[in-house]
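A.B. asks: Have a look at the structure that comes next, please.
The values are calculated or read from the model by the stated rules, or taken from the named source; none is laboratory data. The structure displayed is predicted, hence computed values, not measured ones. With ideal geometry, Cβ positions are generated from the backbone for all residues, glycine too; neighbour counts draw on all protein chains shown.
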Amino acid sequence: MALKDQFLGLVSHELRTPVATILGNALLLLRRDGSLPEGARKQALEDVAGEAQKLQRTIENLLLLTRLEAGPGPLTTSFDMAELAGQAAAAFLNRNPGRPVTVDVTPGLPAASGQPALVAMVLENLLANAAKYSADGLPVEVSLSTTGGEVLVSVRDYGIGLDAGDEDALFTPFFRSSRARGWAGGIGLGLAVCKRVIEAQQGRIWAVARPEGGCDFRFALPVTDGPGA
Ligand SMILES: Nc1ncnc2c1ncn2[C@@H]1O[C@H](COP(=O)(O)OP(=O)(O)OP(=O)(O)O)[C@@H](O)[C@H]1O
Ligand SMILES: [Mg+2]
């Protein structure tokens, strides 16, 4: 099948590059352990960790895509989006030391309905994109608000931005904008997975090009029904 060939080609390429970096650095550390200057040793370890993290996210996306295709929708619970976003931002900061990331929460935010582990993966993908498609050191801003019926999440960056008209295509498997291709690697699956995950939880997800540059990726999940919601 054409789509399958395209898929295998892209995935193989995107898996091969980080593996080559990991192997190269691991061999360097093994062979020259002790004689490497401290700075070079630290850089090699950072490269290994960074590339392994990219691989892990790609593999999680691939697994999730097959899982969503095969099975019924995920089980839904009531959860605190502010807590989840705080955890996602902390993990992001660990992976991207020095990158300014803020989480702004509207007071009185109601509980959201969904599957927290899957929502965490969506946040991870959006944050990874914000970092990947903007220059080092530029801020990433997360804000949480509510319309009453939904909890709204926005992840903003000051990066390469979008071409008008691409907003919907970004969520199609394998689509990558021409400016993104020239900027960084990727297989174009992250947002397609996010869309499936969010829609499986009765939510919606969309992209907004910011007039001042950069992107604003938003998603909304229903607030929890019931007393106190
Ligand atoms: N923050 C962003 N700024 C600009 N363009 C973005 C941003 N996030 C996503 N895009 C565009 O949407 C496309 C699809 O994003 P998606 O996360 O699905 O794939 P990817 O980042 O290319 O690869 P991967 O599957 O490894 O995440 C990107 O290739 C890029 O063109
Ligand atoms: Mg991505």
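A.B. asks: Given LEU118, LEU189, which one is of a type in the set (A, V, I, L, M, F, W, C), crowded, with 19+ Cβ neighbours inside 10 Å, under 13 Å from the mean Cα position of the chain (by Cα) and within 12 Å of ligand 2 (Cβ to nearest atom)? Steps first, please.
C.D. replies: Values: LEU118 fails: within 12 Å of ligand 2 (Cβ to nearest atom).
The unique qualifying residue is LEU189.
A.B. asks: Still on this structure, please answer the following. Can you run down the residue pairs with Cβ atoms below 6 Å, 6 or more apart or on separate chains, where the first is in segment 6-28 and of a type in the set (S, T, N, Q) and the partner is within 16 Å of ligand 2 (Cβ to nearest atom) and assigned to a helix (DSSP H, G or I)?
C.D. replies: Every condition considered, the pairs that remain are THR21/GLU51.
A.B. asks: Within segment 192-213, take every residue that is touching a residue at least 60 places away in the same chain (Cβ under 8 Å) and within 16 Å of the chain's Cα centre (by Cα) and give me the one that is nearest to ligand 1 (Cβ to nearest atom).
C.D. replies: ALA192
A.B. asks: Pick out the one residue from LEU64, LEU84 that is modelled with pLDDT of 90 or more and either closer than 20 Å to ASN125 by Cβ or in a helix (DSSP H, G or I) (or both).
C.D. replies: LEU84
A.B. asks: Tell me which of these ASN125 doesn't satisfy, since it passes every other one: (1) buried (at least 19 other Cβ atoms within 10 Å of the Cβ); (2) in contact with a strand residue (DSSP E or B) (Cβ under 8 Å, 6 or more places away or on another chain).
C.D. replies: (2)
A.B. asks: A further question on this structure: What do you reckon, is LEU144 within 16 Å of ligand 2 (Cβ to nearest atom), touching a strand residue (DSSP E or B) at 6+ places or on another chain (Cβ under 9 Å) and within 21 Å of PRO222 (Cβ to Cβ)?
C.D. replies: It is false that LEU144 is within 16 Å of ligand 2 (Cβ to nearest atom), touching a strand residue (DSSP E or B) at 6+ places or on another chain (Cβ under 9 Å) and within 21 Å of PRO222 (Cβ to Cβ).
A.B. asks: Go through segment 25-49 and give me each residue that's under 19 Å from GLY185 (Cα atoms) and surrounded by fewer than 15 Cβ atoms within 10 Å (Cβ to Cβ).
C.D. replies: Within segment 25-49, GLU46, ALA49 meet the criteria.
A.B. asks: Report whether or not ALA220 is touching a strand residue (DSSP E or B) at 6+ places or on another chain (Cβ under 7 Å) and more than 16 Å from ligand 2 (Cβ to nearest atom).
C.D. replies: yes
A.B. asks: Name the single residue that is farthest from the chain's Cα centre (by Cα) among those in segment 147-167 being more than 16 Å from ligand 2 (Cβ to nearest atom) and either β-branched (Val, Ile, Thr) or more than 28 Å from GLN87 (Cα to Cα) (or both).
C.D. replies: THR147
A.B. asks: From the residues in segment 126-146 that are part of a strand (DSSP E or B), within 16 Å of ligand 1 (Cβ to nearest atom) and touching a helix residue (DSSP H, G or I) at 6+ places or on another chain (Cβ under 6 Å), which one is farthest from GLY86 (Cα to Cα)?
C.D. replies: Checked segment 126-146; the qualifying residue farthest from GLY86 (Cα to Cα) is VAL140.
A.B. asks: When segment 164-186 is examined, which residues are found to be farther than 23 Å from THR17 by Cα, of a type in the set (D, E, K, R) and surrounded by 14 or more Cβ atoms within 10 Å (Cβ to Cβ)?
C.D. replies: Within segment 164-186, ASP166, GLU167 qualify.
A.B. asks: Considering only segment 87-125, state which residues are part of a helix (DSSP H, G or I), under 19 Å from SER154 (Cβ atoms), more than 16 Å from ligand 1 (Cβ to nearest atom) and polar (S, T, N, Q).
C.D. replies: Within segment 87-125, GLN87 is the sole residue that qualifies.
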